[in-house]
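Visitor: Got a structure for you, questions after.
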Amino acid sequence: MTAPTPVILTEMELDALTELVNLGVSNAAHSLRELVREEILLSVPKVTVVSREEAIKNLGERDAKRLVAVHQDFEGDIAGRALLIFPETKSLELVRAIVGSDLSLDEIVELEQEALAETGNIILNACLATMANNLGRTLKISLPEVLHGAGREFFYVKPPPFVDDNVLFSFINFSVRQRNITGYIAMLLDLPSLATLKNLLTELIERTSQTAAVPPNDN
Amino acid sequence: MTTDERIDQKQVLDAVNGGLILFDLERRVVGWNAWMDTASGHSEAEARGKLLSEIFPGADLKRLVFAIQAALTSRSSTILTHALNPALLPLKTRSQRPLLHDITVSAVGTPPIKQCLVFVNDVTMATRRERYLRDRQNARYDAVVANAPDLIITVDRDGLVQFANPAALSQLGRAGGTLIGVAAKDLFQTKDQWHSVLQSAFNNSSAGHPIDLIAQRPDGTPSHLEASASLWASGANNFVTVILRDVNERRAISEALRKSETDARDAAVALSELNQTLEQRVEERTARMMQMEEELRQSQKMEAIGQLTGGIAHDFNNLLQGITGSLDLVKKRAMQGRFNEIDRFISGAMASANRASALTHRLLAFSRRQPLAPKPLEVNPLLTSMEELLRRTLGERVVFEMVTAGGLWLTKCDPNQLENAVLNLVINARDAMPDGGKLTVETGNSHLDNTYSTVHPEIEPGQYVCISVTDTGSGMSAATIEKAFEPFFTTKPIGTGTGLGLSMIYGFAKQSGGHAKIYSELGQGTTVKLYLPRFRGKIEQDELIPDLSEIYNAHTNETVLVVEDEFVVRELIVEVLKELGYSTLEADDGSAALKILDSKQRIDLVISDIGLPGLNGRQIIDAARETRPSLKVLFMTGYAENAAIAAGFLEPGMAMITKPFAMDALATRIRDMLGK
């Protein structure tokens with residue numbers, strides 16, 4: 001263990017967090033279903049907390065694989081940046097899955113940026129809002145931006161990061177129109193935000209164990 | 001906020017090239033800039049205080065309203081793009097065309113949030129420009145790709161099909177009619193080759209030549225394709241477009257060609273083997289078969305001519321000459337009163353007439369319309385009796401020798417036929433020796449063994465009596481020998497021979513169960529051998545050539561009825577009967593005959609022609625036998641076919657004689673029937 005001391009989330013807290021993110025993506029899936037009028041399933045198997053470098057490594061830095069990311073900043077009691085990341089090669093497939101196969105390749109390419117931005121926006125908004133609501137806080141969430149590049153670039157976007165930033169990191173699975181597309185969902189948090197998140201999760205777990213249920217949106 | 005400031009703010013908002021709408025917590029419009037007036041056709045005054053659904057009734061506003069709510073409650077910012085939301089707000093450009101737009105929704109200010117801003121961004125021009133550029137760029141490409149007979153597919157980095165032209169779709173398209181998003185490797189049976197095509201292309205190291213692939217059609221059948229792949233990029237995305245040429249037809253043709261070449265080679269090998277093993281045997285067989293074929297052809301020709309005979313033979317002229325010449329001399333001698341010399345010439349004329357009769361028998365026998373009358377025969381006495389005749393025929397320039405073997409076997413054949421055969425052979429021999437020579441008639445016993453019959457399959461091996469006639473004449477070539485037995489083949493000038501001679505001899509030998517053979521050499525002479533089968537039995541009775549001087553006399557009062565429509569023939573028969581001492585009655589047709597037969601008149605025998613006008617001979621006798629059941633009848637017929645028919649229905653007391661007949665023969669038959 002080296003200083004600064006990392007904030008460790010307990011298994012229970014990670015489970016609770018995973019549950020919140022799943023709740024969020026399931027809301028997002030609902031929105032997407034209404035948008036594309038197709039059955040869409042979204043799931044997040046397990047959220048882990050990793051360092052920035054580990055996250056970059058997880059994205060396959062060594063392969064120098066080209067990635068595409070939709071990112072949104074958020075601020076409030078917790079501040080940071082949420083990213084939905086896909087291998088660049090999957091992005092067209094994702095767009096194709098969302099908009100259907102009626103469109104030509106050219107049209108898909110033309111729509112790719114907007115469609116990715118909006119799809120990422122729906123998913124990230126849903127995750128962040130659901131988390132914030134359940135944690136009894138509000139977050140100011142920015143509009144999305146689409147980035148192309150290597151994983152490292154995504155995690156070093158200005159404002160300049162802190163050395164001890166942590167990443168809530170998970171796979172996210174899309175299932176739509178017989179296609180299964182796997183991407184990543186990541187939340188870059190500074191140390192105070194992670195500490196706050198840990199506290200909020202603790203409170204949530206206590207509340208839940210008292211009422212034996214996740215409370216409704218009371219904001 | 002002062003009025004001036006608000007006016008300033010309003011002026012700023014109206015100057016923005018994009019739509020701005022401000023909502024309160026109840027999601028009612030509290031702000032609406034000039035751009036919105038133009039695009040929506042609604043003024044700020046109309047919009048203020050209203051919900052979006054009231055301003056744009058019928059529009060699908062669900063997501064937009066949700067985004068506004070989310071901004072107000074959780075401060076989230078939302079983007080709604082024309083890409084995923086083709087019909088957001090019913091907005092129009094200044095030229096009243098559909099206005100393509102993206103919308104962003106954001107919360108305004110800090111918590112507690114009281115307002116939310118919706119920004120409408122016009123992307124019509126940007127989108128149109130992109131499409132225009134793309135269309136212009138793609139028009140030619142599309143024209144080629146859409147109409148290409150080749151299958152063209154574009155795959156992405158993951159090997160998923162992103163584009164397929166109509167040819168690809170029609171050949172490889174699955175149910176549902178799409179290939180987009182399908183893993184391209186699933187389309188191919190040769191997955192390794194496909195993988196290598198794709199990898200080379202993505203590594204930008206093309207093979208430089210087409211790669212053969214086997215695709216799988218939707219029905220499961222294989223399709224042979226030739227793949228050329230190339231890499232291209234769209235922004236950050238790499239694609240490989242693969243052109244697949246249909247080579248099924250070419251393959252089918254080349255395979256058919258290869259197969260036919262193989263077949264031909266195999267056949268050639270098989271043939272050469274067959275040749276090596278069979279060549280010798282085939283040669284042997286061929287030689288043997290050719291000989292047998294000759295034999296067969298020969299006998300077939302003999303069969304065919306069997307139905308053609310009945311014409312006049314060259315020999316007939318000679319005989320008539322003998323008759324008329326003799327009669328001429330009889331007349332002269334009678335006029336001169338030298339009656340003691342007449343008898344000789346009458347005998348000569350009779351002999352010629354008898355031979356003429358025998359000739360017609362011979363022709364009919366040859367044509368198989370008259371059965372032969374074979375009987376056990378001693379050949380030597382028959383030939384000896386002919387010796388005088390033969391010598392006369394040959395003349396003085398030919399030395400004649402007859403060599404008859406002692407202990408000669410009996411044979412069985414028609415004596416008249418044999419006599420004629422020998423006569424013909426002698427005449428032929430004489431004609432072959434116009435300047436004289438030697439002629440030998442020889443008899444002998446002959447044993448034809450299996451070897452002989454193998455070469456001449458129509459001959460039964462066994463014992464034969466052989467009669468050979470040899471001359472020292474001009475001889476015959478092999479080709480002539482081959483044709484010598486053919487009917488109408490003759491070496492004699494036209495008019496001097498019919499060509500029937502040798503073929504009739506051949507026919508006689510065959511019918512008698514024997515064989516005829518010619519041995520000849522040009523300039524040396526000819527030997528013709530007749531083989532007649534040995535008869536193991538006894539001579540039934542001595543029936544040699546009838547003796548014309550023998551007279552049969554009638555018993556007392558015996559009466560014969562002659563029924564014959566031909567006056568001359570009837571008179572002749574009646575004359576003979578009278579000379580023999582019979583009483584005679586005559587009838588020239590059936591009704592006349594029946595009148596006599598119905599009377600009480602004694603009738604010991606009826607001699608009746610078969611062919612009569614009205615009732616035929618048979619019908620007359622059938623009627624007469626009603627009252628005279630034991631009436632004896634001798635039918636006469638001029639045609640052998642009637643004889644054959646009559647033979648089947650001859651009842652006891654009936655007999656048959658064929659015309660022409662010698663008077664002695666008639667007398668013999670009559671005596672036979674009436675009992676001596």
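The values are calculated or read from the model by the stated rules, or taken from the named source; none is laboratory data. Since this is a predicted model, take the numbers as computed values, not measurements. We place every Cβ from the backbone using ideal geometry, glycine too, and count neighbours over all the protein chains shown. The accessibility values were calculated without ligands, DNA or RNA, using every heavy atom of the protein model including side chains. Shrake-Rupley method; radii C 1.70, N 1.55, O 1.52, S 1.80 Å.
Visitor: Could you list all residues from region A:78-92 that are within 11 Å of another protein chain (Cβ to nearest Cβ) and surrounded by fewer than 24 Cβ atoms within 10 Å (Cβ to Cβ)?
Guide: Selection gives A:87, A:88, A:89, A:90.
Visitor: When you scan region A:121-131, do you find a residue that is at the interface with chain B (Cβ under 9 Å from one of its Cβ atoms), over 26 Å from residue A:166 (Cα atoms) and out of contact with any His (no Cβ under 8 Å at 6 or more places or on another chain), even just one?
Guide: Looking through region A:121-131, none of the residues is at the interface with chain B (Cβ under 9 Å from one of its Cβ atoms), over 26 Å from residue A:166 (Cα atoms) and out of contact with any His (no Cβ under 8 Å at 6 or more places or on another chain).
Visitor: For region B:28-58, name all the residues that are open to solvent by 30 Å² or more (accessible area, probe 1.4 Å), free of Cβ contacts under 8 Å to residues at least 60 places away in the same chain, closer than 21 Å to residue B:87 by Cβ and not acidic (Asp, Glu).
Guide: Within region B:28-58, B:38, B:41, B:42, B:50, B:51, B:53, B:57, B:58 meet the criteria.
Visitor: State all residues of region B:126-153 that are of a type in the set (Asp, Glu) and open to solvent by less than 80 Å² (accessible area, probe 1.4 Å); if no residue qualifies, say none.
Guide: B:142, B:150
Visitor: Go through (1) over 17 Å from residue A:186 (Cα atoms); (2) among the hydroxyl-bearing types (Ser, Thr, Tyr); (3) at pLDDT 85 or above for residue A:26 and report which single condition fails.
Guide: Failed condition: (1).
Visitor: Which one of these is open to solvent by 50 Å² or more (accessible area, probe 1.4 Å), closer than 29 Å to residue B:75 by Cβ and among the β-branched types (Val, Ile, Thr): A:119, A:130, A:48?
Guide: Only one candidate qualifies: A:48.
Visitor: Sort through A:54, A:75, A:34 and tell me the only one that's more than 12 Å from every other protein chain (Cβ to nearest Cβ) and acidic (Asp, Glu).
Guide: Residue meeting the stated conditions: A:54.
Visitor: Now for a different question. Of the residues that make up region B:85-98, is at least one within 12 Å of chain A (Cβ to nearest Cβ) and surrounded by 14 or more Cβ atoms within 10 Å (Cβ to Cβ)?
Guide: For region B:85-98, residues within 12 Å of chain A (Cβ to nearest Cβ) and surrounded by 14 or more Cβ atoms within 10 Å (Cβ to Cβ): present.
Visitor: Could I ask something else about it? I'm checking my understanding of the structure. Among residues of region B:99-116 that are open to solvent by less than 30 Å² (accessible area, probe 1.4 Å) and closer than 15 Å to residue B:35 by Cα, which one is farthest from the other protein chains (Cβ to nearest Cβ)?
Guide: Ranking the candidates gives B:99 first.
Visitor: Go through (1) touching a residue at least 40 places away in the same chain (Cβ under 8 Å); (2) within 11 Å of chain A (Cβ to nearest Cβ); (3) open to solvent by 30 Å² or more (accessible area, probe 1.4 Å); (4) within 25 Å of residue A:102 (Cα to Cα) one by one and return the number of the condition residue B:119 breaks.
Guide: Here residue B:119 meets the rest and fails (4).
Visitor: Looking at region B:647-676, which of its residues are in a helix (DSSP H, G or I), of a type outside the set (Asp, Glu) and either modelled with pLDDT of 75 or more or within 27 Å of residue B:578 (Cβ to Cβ) (or both)?
Guide: If the condition is that a residue be in a helix (DSSP H, G or I), of a type outside the set (Asp, Glu) and either modelled with pLDDT of 75 or more or within 27 Å of residue B:578 (Cβ to Cβ) (or both), then B:663, B:665, B:666, B:667, B:668, B:669, B:670, B:671, B:673, B:674 are the ones that fit.
Visitor: What number of residues within region B:65-84 satisfy the criterion of being over 24 Å from residue A:99 (Cα atoms) and more than 7 Å from chain A (Cβ to nearest Cβ)?
Guide: Of the residues in region B:65-84, 3 are over 24 Å from residue A:99 (Cα atoms) and more than 7 Å from chain A (Cβ to nearest Cβ).
Visitor: Have a look at A:207, A:137 and point out the one that is out of contact with any helix residue (DSSP H, G or I) (no Cβ under 6 Å at 6 or more places or on another chain), within 12 Å of another protein chain (Cβ to nearest Cβ), at pLDDT 80 or above and more than 30 Å from residue A:36 (Cα to Cα).
Guide: Answer to the check: A:137.
Visitor: To continue, here is another question. For region A:59-67, indicate whether the set of residues that are more than 10 Å from chain B (Cβ to nearest Cβ) and at pLDDT 80 or above is non-empty.
Guide: Checked region A:59-67: at least one residue is more than 10 Å from chain B (Cβ to nearest Cβ) and at pLDDT 80 or above.
Visitor: Right, here's the next one. Exactly one condition in (1) at the interface with chain B (Cβ under 7 Å from one of its Cβ atoms); (2) touching a helix residue (DSSP H, G or I) at 6+ places or on another chain (Cβ under 9 Å) is not met by residue A:117; state its number.
Guide: Result: residue A:117 passes all but (2).
Visitor: May I ask you to list the residues in region A:143-159 that are at pLDDT 90 or above and at the interface with another protein chain (Cβ under 9 Å from one of its Cβ atoms)?
Guide: Once the filter is applied, which keeps residues that are at pLDDT 90 or above and at the interface with another protein chain (Cβ under 9 Å from one of its Cβ atoms), region A:143-159 yields A:143, A:144.
Visitor: Looking only at region A:163-195, which residues are open to solvent by 20 Å² or more (accessible area, probe 1.4 Å) and assigned to a loop (DSSP other than H, G, I, E, B)?
Guide: Listed by number, the residues that qualify are A:163, A:164, A:177, A:178, A:190.
Visitor: Which one of A:4, A:45 is more than 14 Å from every other protein chain (Cβ to nearest Cβ) and modelled with pLDDT under 80?
Guide: Every option except A:4 fails the conditions.
Visitor: Any idea which residue in region B:460-480 is most open to solvent (accessible area, probe 1.4 Å), counting only those that are among the β-branched types (Val, Ile, Thr) and modelled with pLDDT of 90 or more?
Guide: Taking the candidates together, the pick is B:472.
Visitor: Report yes if some residue within region B:213-229 is away from chain A (no Cβ under 14 Å), over 20 Å from residue B:249 (Cα atoms), of a type in the set (A, V, I, L, M, F, W, C) and outside any helix (DSSP H, G or I); otherwise report no.
Guide: yes
Visitor: I need the full set of residues from region B:122-132 which are within 12 Å of chain A (Cβ to nearest Cβ) and among the β-branched types (Val, Ile, Thr), in order please.
Guide: Those that are within 12 Å of chain A (Cβ to nearest Cβ) and among the β-branched types (Val, Ile, Thr): B:123, B:127.
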